[in-house]
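Working notes for the structure below.
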Amino acid sequence: AADNFGTRRKQNLMRLIYDSTLSAAEIAAGATEPTKGVDSDAMAIEDDDEDDLFKLSRDPSTAAGLVEEQFRAPLVGGSRLDCWEDEEFLDSIRHLFITGGGP
Amino acid sequence: MPALAKPVNGSTGSSRVLSFSGHGHLRHRLVLSILSRRPIRIDGIRSDEDQPGLLPFEVSYLRLLEKLTQGTRVEISYTGTSFLFHPGTFAGGNVTHQCSPERSVGWYLEPLLALAPFGKKDLVLTLRGITTDGRDASVDTIRTSGLPHLAMFLDKEGVELKITKRGHPPLGGGEVTFTCPSVRAIKSGFDFTNVGRVNKIRGIAHSVRVSPQLSNRLVAAARSVLNRYIPDIYIYTDVYRGEDSGKSPGYALTLLASSTSHVLHSSESSSCPPSTSTGEKPEGWTPPSPEDLGIMAARQLLEEIRRGGCVDRGWEWLVSLMLVLGGEDVGRATVAGPFEPFFIEHLRDLKAFFGTTFKIKAAPPPPSLNDDVEGGSDEGEDDGPKAPPAEEYILSCVGTGFTNTAKRTG
C-alpha cells in the first residue's frame, strides 16, 4: 500500500507543480492534489474567515521560508543525524560506494 | 497557472512584463529576467513587515546587476515594496563589487553562475565581503560543487573561483574572484542520469584567526566517519594568514563526494552562529567544537549521498535552467526527491519565463537495490535500521536553443 501511495504521488508530481495552485512549500511538505471536495472545503474556509487564513499562510511558510532564504537548509535536523551513529545504518548505504558489493 | 507566477496579460504593450509577489526568489528571477529579456515587476516586498521593502543587500544585488549589464533600468517604488526591472544586455568584463555585510558573497554569486557564460565578454567578477556564513552558499561550496555543475554545460575551460582572502562574519573582509568564459551556446542533448558510485571524497578545512590546529581536528573528525567506506579520501587544510584571513575568527569544513560518473554531493558545517532574523548573534552562543562540526559535515554528506540523484542539492535550479537554455534537443537529468520548495518554485518560474515545462517521471530503482534486498533476505528484513532508499526523478525537457547574441562568433 505504501508503494502504491508512493507511485501515485510521483505520477502526480508534474501536475502538482504545473497545474495545481498549491504553494511550493505545500507540495514539498507532501500535500497532494486536492480532490474536488477538499478544494471546495478550502474555498469555504477561505470565505469564512479570510483574515485568519491570510495570517496563517503568511506566518509559517512565507515568513519563515522566505525571510530567511537559505541555501540548502540541512536535510535533517541535528538530532536526526544521530541515526548515522548506528553501524548497520552506516552499512546500509555501502552499496552507493565503489567498494560496496553488487555489480 | 501557478498562483505566484502569473504573467500579466494586459491589453497594452506591457504584456511581456511578468509579475511576481514577495522577495523570495528575487535573485533568481532577476537572472531569469536578464536571460529571457522579459521585464519583471515584483510587488508586495515585505509590505506587512516592520522593515518594509527591499533590504540593503537586495538593493546592493540590484546595483551589482546594473554594473554587469548595459541598459538595465530599475524603478523602485517610493516605499521600496515594489519595483520594475527592465533587463539590459549582460556585458560581463571586469567588475568589482563590495557586498553588503548582511549577506555573504555566496548569496550574490550563486544566482550569477547561470548568467556568467552569456556575457559579451568573459566575466571577471571580484566580490568582497563575507565568504562563509553558514546560511548562504559558501565560496567553498560554490567552487567545489557549483562550478562543476556549470562547467559541464560549457565547451570552454576556465570557470574558476579564486579565494584571495577569507572573511568570516560578522566583519568579513574576504575577497574572491570568479572568472567565466563567454560562450555563444551551451551543450545540448544533455544526459545526466547515471548516478554511479562514490569513489572519492575530497574536502577543505579552513580556519581563520584561530589556531591552525583546529582545521586538523575538523579533518580528523570527518575522517573518523568516512574512512569506513572508501580509502580515497583527501581533505586538505587551507591555511590563510595575516591580512588574507579576514577580520573575524572562524572555521569550517566543506566535503565533496564524487562518483564514478562524476556526480557530486557536498556538505558543509561551519562555526558561524545560526542566522537570526535580526542578523545578531544569539546570546550566549558558542561555536561547536571542531570535532562536532567535522562529524556533522560527514554525516550530512552521507545523508546527501543517501538521498541520491545526479545533481548536488542546491544546484538543481542551475542544472534545470541550463537544460532549458540548451539546444533544441532533449536534455535529461536525475534529480533527487522530495523536491524542495525552492526548486518547485523555480520550475514554475522557468515555465513563466521560457514557457518550458519539464517532464518529470520517477526514476526506476537502481539495480543495486535488488542486490540489497537479496543480501538482506538472509539476515531478515527488520533486523536493523536501514537508510531509506533514494527517491529519484528524471527531469527532461527540450531546450529552447538559447544563443548568446551579444557574443561574436569565433
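Against the condition out of contact with any Phe, Trp or Tyr (no Cβ under 9 Å at 6 or more places or on another chain), modelled with pLDDT under 95 and within 11 Å of chain A (Cβ to nearest Cβ), how does B:S267 come out, does it pass?
It is false that B:S267 is out of contact with any Phe, Trp or Tyr (no Cβ under 9 Å at 6 or more places or on another chain), modelled with pLDDT under 95 and within 11 Å of chain A (Cβ to nearest Cβ).
So, B:R228, is that one within 10 Å of chain A (Cβ to nearest Cβ) and touching a residue at least 60 places away in the same chain (Cβ under 8 Å) or not?
The answer is no for B:R228.
Which members of the stretch B:182-206 meet the condition of being farther than 21 Å from B:S266 by Cα and either touching a helix residue (DSSP H, G or I) at 6+ places or on another chain (Cβ under 7 Å) or surrounded by 22 or more Cβ atoms within 10 Å (Cβ to Cβ) (or both)?
Across the stretch B:182-206, the qualifying residues are B:S182, B:V183, B:I186, B:F190.
Which residues, taken from the stretch B:135-148, are of a type outside the set (D, E), surrounded by 21 or more Cβ atoms within 10 Å (Cβ to Cβ) and in contact (Cβ under 8 Å) with a residue 40 or more places away in the chain?
Correct list: B:R135, B:A137, B:S138, B:T141, B:T144, B:S145, B:G146.
Report, ordered by the first and then the second residue, all pairs with beta carbons closer than 7 Å, sequence separation of six or more or different chains, a first member in the stretch B:94-115 that is within 13 Å of chain A (Cβ to nearest Cβ) and closer than 15 Å to B:I34 by Cα, and a second member that is in a helix (DSSP H, G or I) and among the aliphatic types (A, V, I, L, M).
Close Cβ pairs (under 7 Å, with a partner that is in a helix (DSSP H, G or I) and among the aliphatic types (A, V, I, L, M)) amount to B:P111/B:V31; B:L113/B:L150; B:L113/B:L318.
Could you run through the stretch B:21-44 and say how many residues are touching a Lys or Arg at 6+ places or on another chain (Cβ under 7 Å) and part of a loop (DSSP other than H, G, I, E, B)?
3
Only one of B:R41, B:R73, B:R128 is within 20 Å of B:E175 (Cα to Cα), surrounded by fewer than 23 Cβ atoms within 10 Å (Cβ to Cβ) and at pLDDT 95 or above; which? It would help to see each step written out before you state the result.
Details: B:R41 fails: within 20 Å of B:E175 (Cα to Cα); B:R73 fails: within 20 Å of B:E175 (Cα to Cα).
Every option except B:R128 fails the conditions.
Kindly check whether there is at least one residue in the stretch B:351-369 that is aliphatic (A, V, I, L, M), at pLDDT below 85 and surrounded by fewer than 21 Cβ atoms within 10 Å (Cβ to Cβ).
Yes - at least one qualifying residue is present in the stretch B:351-369.
Could you please give the count of residues in the stretch B:389-410 that are within 9 Å of another protein chain (Cβ to nearest Cβ) and either outside any strand (DSSP E or B) or at pLDDT below 85 (or both)?
First, the residues of the stretch B:389-410 that are within 9 Å of another protein chain (Cβ to nearest Cβ): B:390-391, B:393.
Those still in the list that are either outside any strand (DSSP E or B) or at pLDDT below 85 (or both) too: B:390-391.
Counting residues in the stretch B:389-410 that are within 9 Å of another protein chain (Cβ to nearest Cβ) and either outside any strand (DSSP E or B) or at pLDDT below 85 (or both) gives 2.
Identify the single condition in (1) closer than 25 Å to B:T403 by Cα; (2) more than 12 Å from every other protein chain (Cβ to nearest Cβ) that B:H346 does not satisfy, given that it satisfies every other one.
Result: B:H346 passes all but (2).
Sort out which residues of the stretch B:319-340 are under 24 Å from B:A387 (Cα atoms) and either buried (at least 19 other Cβ atoms within 10 Å of the Cβ) or more than 13 Å from chain A (Cβ to nearest Cβ) (or both), and write them in order of number.
Once the filter is applied, which keeps residues that are under 24 Å from B:A387 (Cα atoms) and either buried (at least 19 other Cβ atoms within 10 Å of the Cβ) or more than 13 Å from chain A (Cβ to nearest Cβ) (or both), the stretch B:319-340 yields B:A333, B:T334, B:V335, B:A336, B:G337, B:F339, B:E340.
Looking only at residues in the stretch B:116-144 that are within 14 Å of chain A (Cβ to nearest Cβ) and polar (S, T, N, Q), which one is farthest from B:R27 (Cα to Cα)?
B:T144
Name the residue, out of B:R313, B:R307, that is within 19 Å of B:P148 (Cβ to Cβ), without any contact (Cβ under 8 Å) to a residue 60 or more places away in the chain and surrounded by fewer than 23 Cβ atoms within 10 Å (Cβ to Cβ). Show your work before the answer.
On the way: B:R307 fails: without any contact (Cβ under 8 Å) to a residue 60 or more places away in the chain.
After applying the criteria, what remains is B:R313.
This table checks each residue for (1) away from chain A (no Cβ under 14 Å); (2) free of Cβ contacts under 8 Å to residues at least 24 places away in the same chain; (3) more than 20 Å from B:S104 (Cβ to Cβ).
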{"residue": "B:V195", "(1), (2), (3)": "no, no, yes"}
{"residue": "B:V210", "(1), (2), (3)": "yes, no, no"}
{"residue": "B:S215", "(1), (2), (3)": "yes, no, no"}
{"residue": "B:A221", "(1), (2), (3)": "no, no, yes"}
{"residue": "B:L255", "(1), (2), (3)": "no, no, no"}
{"residue": "B:T260", "(1), (2), (3)": "no, no, yes"}
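Can you confirm whether B:D329 is at pLDDT below 95 and either in contact with a helix residue (DSSP H, G or I) (Cβ under 8 Å, 6 or more places away or on another chain) or over 17 Å from B:L347 (Cα atoms) (or both)? Step through it out loud before you land on a result.
Details: at pLDDT below 95: yes; either in contact with a helix residue (DSSP H, G or I) (Cβ under 8 Å, 6 or more places away or on another chain) or over 17 Å from B:L347 (Cα atoms) (or both): yes.
Answer is yes for this residue.
Just need a number here: residues in the stretch B:308-344 that are over 17 Å from the mean Cα position of the chain (by Cα), of a type in the set (A, V, I, L, M) and not in a helix (DSSP H, G or I).
1
How many residues does the stretch B:305-318 hold that are at the interface with chain A (Cβ under 7 Å from one of its Cβ atoms) and farther than 16 Å from A:D91 by Cβ?
Residues in the stretch B:305-318 being at the interface with chain A (Cβ under 7 Å from one of its Cβ atoms) and farther than 16 Å from A:D91 by Cβ: 3 in total.
Restricting attention to the stretch B:176-190, does a residue exist that is assigned to a loop (DSSP other than H, G, I, E, B) and of a type in the set (S, T, Y)?
Looking through the stretch B:176-190, at least one residue is assigned to a loop (DSSP other than H, G, I, E, B) and of a type in the set (S, T, Y).
The values are calculated or read from the model by the stated rules, or taken from the named source; none is laboratory data. Keep in mind the model is a prediction, meaning the values are calculated, not measured. Positions of Cβ are backbone-derived with ideal geometry, glycine not excepted, and every protein chain shown enters the neighbour counts.
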